[in-house]
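*Asks:* So that we are looking at the same thing, I have put the structure below in structure tokens.
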Amino acid sequence: MIIIKTTTDSHKAMKKIANELLNNKLAACVNMIPRMRSKYVMDGRITESREVILLVKTSKKLEEKVYKTIKELHNYEIPEISTIQTSNVDKDYENWLKDFVQE
């Protein structure tokens, strides 16, 4: 299992991404953590915005497809998409994930 992380300031984009990944069995679960504040440099100035973090639970085999889907549906020109490697996952949870995702 891997966890792919992205953020967005659009609830519409968040829902589209989560639903697309789940409907196409590219992820078994997507956590949506609201009301995060982000500060970043854009166009040479510090910007602050409210964002939602999406944590996508999937398999390593589907990583490229998940990245592609996020990029296609994301509202940012350059979205942050990163993979968090897991070192230990409960076997029952991992089996549930493997049974659901389409590898």
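*Asks:* Which of the following residues is polar (S, T, N, Q) and under 15 Å from Asn75 (Cβ atoms): Ser38, Ser59?
*Replies:* Unique residue meeting the criteria: Ser38.
*Asks:* Follow-up. If you scan the stretch 53-87, which residues turn out to be surrounded by 15 or more Cβ atoms within 10 Å (Cβ to Cβ) and in a loop (DSSP other than H, G, I, E, B)?
*Replies:* Ser59, His74, Tyr76, Pro79, Glu80
*Asks:* Looking at this structure, is Ala13 part of a loop (DSSP other than H, G, I, E, B), in contact with a helix residue (DSSP H, G or I) (Cβ under 8 Å, 6 or more places away or on another chain) and of a type outside the set (Ser, Thr, Tyr)? Don't jump to the end; show me each part of the working.
*Replies:* Numbers: part of a loop (DSSP other than H, G, I, E, B): no; in contact with a helix residue (DSSP H, G or I) (Cβ under 8 Å, 6 or more places away or on another chain): yes; of a type outside the set (Ser, Thr, Tyr): yes.
Spelling it out, it is not the case that Ala13 is part of a loop (DSSP other than H, G, I, E, B), in contact with a helix residue (DSSP H, G or I) (Cβ under 8 Å, 6 or more places away or on another chain) and of a type outside the set (Ser, Thr, Tyr).
*Asks:* For Ser38, only one of the following conditions fails: (1) modelled with pLDDT under 95; (2) among the polar types (S, T, N, Q); (3) in contact with a Phe, Trp or Tyr (Cβ under 8 Å, 6 or more places away or on another chain). What is its number?
*Replies:* Answer for Ser38: the failing condition is (3).
*Asks:* List, please: which pairs have Cβ atoms under 6 Å, are six or more places apart or on different chains, and start with a residue in the stretch 22-39 that is over 20 Å from Glu94 (Cβ atoms) and touching a residue at least 60 places away in the same chain (Cβ under 8 Å) and end with one that is surrounded by fewer than 14 Cβ atoms within 10 Å (Cβ to Cβ) and of a type in the set (S, T, N, Q)?
*Replies:* So the pair list comes out empty.
*Asks:* Name the residue, out of Arg45, Arg50, that is in contact (Cβ under 8 Å) with a residue 40 or more places away in the chain and either exposed (fewer than 12 other Cβ atoms within 10 Å of the Cβ) or more than 20 Å from Glu103 (Cα to Cα) (or both).
*Replies:* Checking each option against the conditions leaves just Arg50.
*Asks:* Another one. Would you check if Lys25 is touching a Leu at 6+ places or on another chain (Cβ under 9 Å), of a type in the set (D, E, K, R) and not in a helix (DSSP H, G or I)?
*Replies:* Yes, satisfied.
*Asks:* What are the residues in the stretch 38-49 that are over 15 Å from Glu80 (Cβ atoms) and part of a strand (DSSP E or B), if any?
*Replies:* Across the stretch 38-49, the qualifying residues are Arg45, Ile46, Glu48.
*Asks:* Which residue is farthest from Ile3 (Cα to Cα), if the candidates are limited to the stretch 65-96 and must be in contact with a strand residue (DSSP E or B) (Cβ under 8 Å, 6 or more places away or on another chain) and of a type in the set (A, V, I, L, M, F, W, C)?
*Replies:* In this case the residue turns out to be Ile70.
*Asks:* Please determine, by comparing only the residues of the stretch 17-42 that are among the β-branched types (Val, Ile, Thr) and under 13 Å from the mean Cα position of the chain (by Cα), which one is surrounded by the most Cβ atoms within 10 Å (Cβ to Cβ).
*Replies:* Ile17
The values are calculated or read from the model by the stated rules, or taken from the named source; none is laboratory data. For clarity, every value in this text was computed on a predicted model and none was experimentally measured. Note: ideal-geometry Cβ built from the backbone for every residue, glycine included; neighbour counts use all protein chains shown.
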